[in-house]
1. Rounded, prolate or oblate, given the Cα gyration tensor of region B:579-628, with a/c below 1.5 counting as rounded?
2. Which order, highest average first, do B:456-469, B:98-111 follow once you tally other Cβ atoms within 10 Å for each residue and take the mean per peptide?
3. Taking 0.36 nm per residue of separation and subtracting the Cα-Cα distance, what length does fully extending B:Leu545 through B:Ser605 add?
4. What FRET efficiency comes out for A:Ser315 versus B:Phe553 if R0 is 60 angstrom and r is the Cβ-Cβ distance? Round to the nearest 0.05.
5. Testing the spin-label approximation: label points 7 Å from Cα along Cα→Cβ at A:Leu446 and A:Asn479. State their distance in nm.
6. Rounded, prolate or oblate: pick one for region B:232-300, where a ≥ b ≥ c are the square roots of the eigenvalues of its C-alpha gyration tensor, a/c under 1.5 means rounded, and failing that, prolate if a/b is larger than b/c, else oblate.
7. May I ask you to order A:258-270, A:308-320 by the average number of other C-beta atoms within 10 Å around their residues, highest value first?
8. Under the Karplus relation 6.51 cos²θ - 1.76 cosθ + 1.60, θ = phi - 60°, what is the ordered set of whole-Hz ³J(HN,Hα) values for region B:525-540, x standing for Gly and Pro?
Amino acid sequence: MSGNDFIALSPLLLLTGSSVLIMLLIALKLSHRNIQLSSLLLFILAFFSLFYEPDVSPHHIEPLLVVDRFAVFIMGLIIFSGLVVNILSYIYFEEKEEGPKEYYVLLFLCTLGACVLATSKHFISLFLGLEILTVGLYALIAYLKARHHNIEAGIKYLVLAAFSSAFLLFGMALIYLQTGSMEFSIIGRSLHSLPSLPPLFLTGLGMMLVGVGFKLAVVPFHMWTADVYQGAPTPVTSFIATVSKGGVIAVLLRFFIVIDGFRFSPLMLMLMSIAIASMIVGNLLALQQKNVKRILAYSSIAHLGYLLVALIPGSVMSIQAVSFYLAAYFITILTAFGIMTILSTKENDAEDIESYKALFWKHPLLACIFSAALLSLAGIPLTAGFVGKFFILAASLQAGFWMIAFVLVIGSVIGLYYYLRIISKMFSGRGGVPRKEQRSHPVFYLVSVIVLSLLTLFIIWFGVYPSGLIYFVDYFRLNM
Amino acid sequence: MDYLLWLIPAFPLVGFIVLALLGKHLSRFWIAIIGAGSVSLSAILTFVIGFSFLSSTPTGGHYSQTLWTWLEVAAFNPKITLYLDALSLVFVFVITFIGALIHIYSVAFMAADKDYARFFACMNLFVFSMLLLVLADNLLLLYLGWEGVGLCSYLLIGFWYENPTNGYAARKAFIITRLGDTAMAIGLFVIFYQFGTLVIPDILALAPSTWHEGATIATVAALLLLAGGIGKSAQLPLQTWLPDAMAGPSPVSALIHAATMVTAGVYLIARMHVIFQLSPIVQMIVAGIGAATLLIAGFSALTQYDIKRVLAYSTISQIGYMFLALGLGAWTAAIFHFMIHAFFKALLFLAAGAVIEALNHEHNMFKMGGLKNKLPVIFWTFLIGSASLAALPIISAGFYSKDQILWYAWASEHGSPILWLIALLGAFITAAYTTRMMVLTFWGDAKTSVGHYPGKLMTIPLIVLAFFSLFAGFIELPHNFGQFTLFSNLLHQVLPETVLKAGIHGELLFQLLALLVTFGGIYLAYIFWYKQPQRIEKLKRSAPLMSLYRFWFSGWGFDQVYQVLFVKPIVFIANINKNDVVDKLYQGITTATVHLYRLLSFTQSGSLRWYIIGLVIGAILILSIQLML
């Protein structure tokens, strides 16, 4: 490896080093606060190392990894999400009885796994990244072992993830059997001259889709989502909703672009049916839920369906749409779960919809932030979510996919109902005079609220002035 | 200079955001500084930009500043662009300058109100929306401002929401203007469909070559825009909301329901004048609506006893004059009357507010009286405002603006003796009800004692407005007073000149007639309500006259007619259709989705075995679909 390789890989190396460093700091018996602060610093460092990526992109580190602009963009989103989750975690875990320090080590490892996914161009690195991410998540989900939901969620995730990984591996093996390589570009070249896909390859791809579909929680591999979202500690839930999905979407997009999979109609038909099923089932399942975490879990199924809709045309615009939607979705979902984290108490997570009653009269700022995030998820104009959805619709209509666009609209209409239900709950009733609460961690509370306010500002900013982000997304587009 | 343009609407927007977010935590002093200060800064900036605009007209006759493109999809790329030409400059000047004076007045007027911050937040939001409306370079942005001012009007009419009638008035205003707004939105669709753009200068340039004069589509578009205009500007037949809108605080009436928002319709028609010119029928309708409205509202104003309702009807009537002028093709005359009207009507509303407050919230003019010596500043400024409203010749600004419209009603290409007679009769009534209001309020015996006296913050804006109500008319003199036409010269950069009929003379004769009519009106009111009030009593004994009086008092029975024609049938249908038939369809959809939800919920059993089976089934499905196709 040359010096340039090291520079290109510096974010990954930094994340790896950080996890080791934090482990050493824990051995030195530093307090939770110091561990949190140093991991925050390391996250910031990793984030800024992205700015020093050599611009001679794409930079290949043969045969496993490639660092191009798109990878940098996705890594940026992933590390930024890790950073936000890290900030929001302090109060949440400080309140709990378990020793919270090792949590940060796992956070770094999972972020690393997702970043490897974003840069991978080979089945080996894909699988390695996926497993680094998943194994870390097992522990994160079950972190608060005293709560029985946590262990249950962790076990469920463990069994199902292992099961689906088996599918994934078997699918890779079949494709290897057919093409003789595990590198995306060589696979693509071997398919280049073929008018249709050989059955062995198709079977392999189908098996792989089971594994990928499980990670993305699209229908019909979605059933774990609600249980795991609900059972996991809230910061971890926001991590699953953003980081783990973003990495997988990135590698999926890269794989399809490199092998030029968009020209094979059976593949597209399958993706389309998955997208349609996800949009309908996800939105319907969320309809009458009383648990806000479960609502967001089901809505995430629908949102991943929307992302697939963006991906299906395989045009330049659809890649932009995926990137834009991903960015908008990350910011929004981090904000929503952030509010939930802040409102959680030692005993209970703020997940029952009743606990949001009259929130506006008690904490007007938090209620406004949460409303903005929910409106953005619903795709109301002047929020980032609207522009994202508009982009997706434009991309799919441009390519003539009327059917899925239509389902997307129907799904959004159904979705509006449960988002508005939460909002109306927050504004209903009268809380009287807001009472002054004694916060146990005023500084961190303030920092968390400021971070969430900034994210809300982004949500509205990208809705009113999307050109900035569109330009950015276009610059960091995946080359076809 | 154009790069500073964005700051004009930005100041009030920032003021709104700060007050809305932090209003609860700020002291009254700071609320006043932010609320009135933001608009004052805009006014100062408008002076600076306006000065540079006037001293050297920019190339193309406008400043424009593109802030950003909102979305860019195929041909649809709405830009956030501000556009300042002579027409918008007049409006921006009125909005910021009079707006600033009204804000300063409000600092004292609202001082005792518990919702001080909410008041200023809404007012700032209003000023921002109104500025957006007149500075927008495309109809989409204009529509955003249009809806924004409607929302603020609703919020401010219902400002004292504890009283249910105020809430009712606010809803009435919102719903009735919504009728016009909807028509206008459809008009925008028609325009976009026809031209593929919503950028106003492009539309105005394209329209004459795309549509020939009198084309049906031009008529449709113009009619739809006109419907939007009459809703906002309270013209026949959508005028009924404005008198009830007086439920809001007096500064709100002055700013929104006299000086600015209600003239948005005038702005829209003047801005889109090319489309109206392409449809002579619609232009005739505009003139007809204006003429009818000015008469109907004038008669109603003559019978009111609530001082603010007199002013409300008078506003409807004066906007009727502006519509008449627009319909006559006297574009600059309409805008001139808009500006002068903004000065004196804002003055009258603010002065009336001061009177009402001084008399402990007494609105009834018949319980006022004798205030001439008790409230001298209010008296003198109110007198000047009234003189301008009554168009007292030579010395008042209102004379110069109204005289122009009267002249064009006769002499312009579209003018006719009937329109002229109506406008003249309107002038007579205006003089009469203005004198009646003046006499009842300030002369005669004091019937209510003065509670407290207005402070400097309230009187200074009155004096400034009074100054303009007297002297602003001198920037545009009638043709036979020497060719001094500063105002119309400026506006002719944007608006076409008025075409006169050939061979029309005798402007002086018409002016003398107008003078006679004005003094006639004043004299009549003087006799009836001051000198010999017993005559009124005598008239009141006659039954037919009394019913006519009641008819006028109720605003020509429009509310009752609408009650019978629209409200009652709808309520009736709503009652017999309690279990809505159409709703069944939607309920069916709801029930179906809920059932689907229940059905799907069964799959969420929480059992791991079941989840694995789900995974396997999914895998089988995928593989079989793939291999079969």
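1. It is oblate, given that a/c is not under 1.5 and a/b is not larger than b/c.
2. Packing order, densest peptide first, comes out as B:98-111, B:456-469.
3. Here the segment from B:Leu545 to B:Ser605 would lengthen by 13.6 nm.
4. E(calc), rounded to 0.05, equals 0.35.
5. 4.8 nm
6. Since a/c reaches 1.5 but b/c is at least a/b, the shape of region B:232-300 is classed as oblate.
7. A:308-320, A:258-270
8. Each residue of region B:525-540 in turn: 5, 4, 5, 6, 10, 10, 6, 10, x, 4, 4, 4, 4, 4, 4, 5 Hz.
Rule-based calculations on the coordinates, nothing more; no lab input. Because the structure is a prediction, the values reported are computed rather than measured. Every residue, glycine among them, receives a Cβ derived from its backbone with ideal geometry; neighbour counts consider all protein chains shown.
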